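Reading through the structure tokens given below for one structure.
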Amino acid sequence: SVHPDTINLLYLQAARVEVEFTADSREDDRVELIFTDGATEVLSSFPAPLGAGTALSPGADLSGLADGMVTIRGVVFDRANNRAEFQASPALKDTVLAAPTLAVVAEGATNPEGVVNQSTSGAAVVRALVPAESLATDLAQITLSDATAEVFSPEESPTGGENSLIFSGLDVSALEDGTLSLAVSVRDAAGNYRGFAGAAALKDTLLGAP
């Protein structure tokens, strides 16, 4: 995983642990991993490999554990039911990501809200409202599309707390006139991802000659 020791939405129902075994490991040994948030436990069991090496535990569903630090301890049993315990590195469970509550092409000096015209098609502005639980480490990106081509904004970060994000200078001149879909994608430091559909915009840059 690109986010080691982290349990995010992507791996929430299939969390796996890499376990290193010594040379005396036997195939008939059994490994149990116990994940706990301090109140609830989740058990994952799998056979040990033969000899030294590493093995990945099967995916464990940790959706029932609370967000926060998750401790992981392990027990190895042999066929005589002797046991040896070990402590794994703890993991941070982070599955909360606040999505924007509004995204719209912003009103400007020469355009009404939700409209891209001749004067703004080279530098459209989108305003997105993010909720109070947003973090300064979250990253948001805008996509405007005419269903054939897309324009992406640079990623922007909220300052923390409820506020508007402004995405300016979006050149949508190459997109067709008509309805433009507007989408916001948000990701956080834990690798969580959320998508949000904003208000569709009208692109109208054609004016018939008299």
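At a glance:
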{"quantity": "Residue within the range 111-128 that is of a type in the set (Ser, Thr, Tyr), touching a residue at least 24 places away in the same chain (Cβ under 8 Å) and more than 19 Å from Ala48 (Cα to Cα) present", "calculated": "yes"}
{"quantity": "In the range 177-198, residue nearest to the chain's Cα centre (by Cα) [restricted to those that are of a type outside the set (D, E, K, R) and in a loop (DSSP other than H, G, I, E, B)]", "calculated": "Asn192"}
{"quantity": "Single unsatisfied condition, Ala174 versus (1) modelled with pLDDT of 95 or more; (2) in contact with a strand residue (DSSP E or B) (Cβ under 7 Å, 6 or more places away or on another chain); (3) open to solvent by 40 Å² or more (accessible area, probe 1.4 Å); (4) not acidic (Asp, Glu)", "calculated": "(2)"}
{"quantity": "Scan of the range 180-210 for residues that are closer than 29 Å to Leu97 by Cα and open to solvent by 60 Å² or more (accessible area, probe 1.4 Å), ordered by number", "calculated": "Ser181, Arg187, Ala189, Tyr193, Arg194, Ala197, Ala200"}
{"quantity": "Odd one out for Ala109 among (1) outside any loop (DSSP other than H, G, I, E, B); (2) of a type in the set (Gly, Ala, Ser); (3) open to solvent by 80 Å² or more (accessible area, probe 1.4 Å)", "calculated": "(1)"}
{"quantity": "Residues satisfying the stated conditions in the range 134-178, i.e. farther than 27 Å from Asp188 by Cβ and aliphatic (A, V, I, L, M)", "calculated": "Ala147, Ala149, Val172, Ala174, Leu175"}
{"quantity": "Residue satisfying all of: in the range 12-24; touching a residue at least 40 places away in the same chain (Cβ under 8 Å) and not in a strand (DSSP E or B); nearest to Arg73 (Cα to Cα) among these", "calculated": "Val17"}
{"quantity": "Search result, residues across the range 50-91 that are open to solvent by 60 Å² or more (accessible area, probe 1.4 Å) and of a type in the set (Phe, Trp, Tyr)", "calculated": "Phe86"}
{"quantity": "Residue satisfying all of: in the range 25-49; among the hydroxyl-bearing types (Ser, Thr, Tyr) and not in a loop (DSSP other than H, G, I, E, B); most open to solvent (accessible area, probe 1.4 Å) among these", "calculated": "Ser45"}
{"quantity": "Index of the failed condition, Leu206 passing every other in (1) of a type in the set (A, V, I, L, M, F, W, C); (2) outside any loop (DSSP other than H, G, I, E, B); (3) more than 29 Å from Leu10 (Cβ to Cβ)", "calculated": "(2)"}
{"quantity": "Test: Ala140 is free of Cβ contacts under 8 Å to residues at least 60 places away in the same chain and either open to solvent by 70 Å² or more (accessible area, probe 1.4 Å) or closer than 30 Å to Pro4 by Cα (or both)", "calculated": "yes"}
{"quantity": "From Val104, Val96, Val75, residue being in contact (Cβ under 8 Å) with a residue 12 or more places away in the chain, of a type in the set (A, V, I, L, M), within 30 Å of Ala140 (Cβ to Cβ) and part of a strand (DSSP E or B)", "calculated": "Val104"}
{"quantity": "Complete set of residues in the range 121-134 that are in a loop (DSSP other than H, G, I, E, B) and either surrounded by 17 or more Cβ atoms within 10 Å (Cβ to Cβ) or among the β-branched types (Val, Ile, Thr) (or both)", "calculated": "Ser121, Ser134"}
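The values are calculated or read from the model by the stated rules, or taken from the named source; none is laboratory data. Quick caveat: nothing in here was measured; it's all calculated off a predicted structure. In this analysis, Cβ positions are derived from the backbone assuming ideal geometry, glycine residues included, and neighbour counts consider all displayed protein chains. All accessible areas refer to the heavy atoms of the entire protein, side chains included, with ligands and DNA or RNA removed. Shrake-Rupley method; radii C 1.70, N 1.55, O 1.52, S 1.80 Å.
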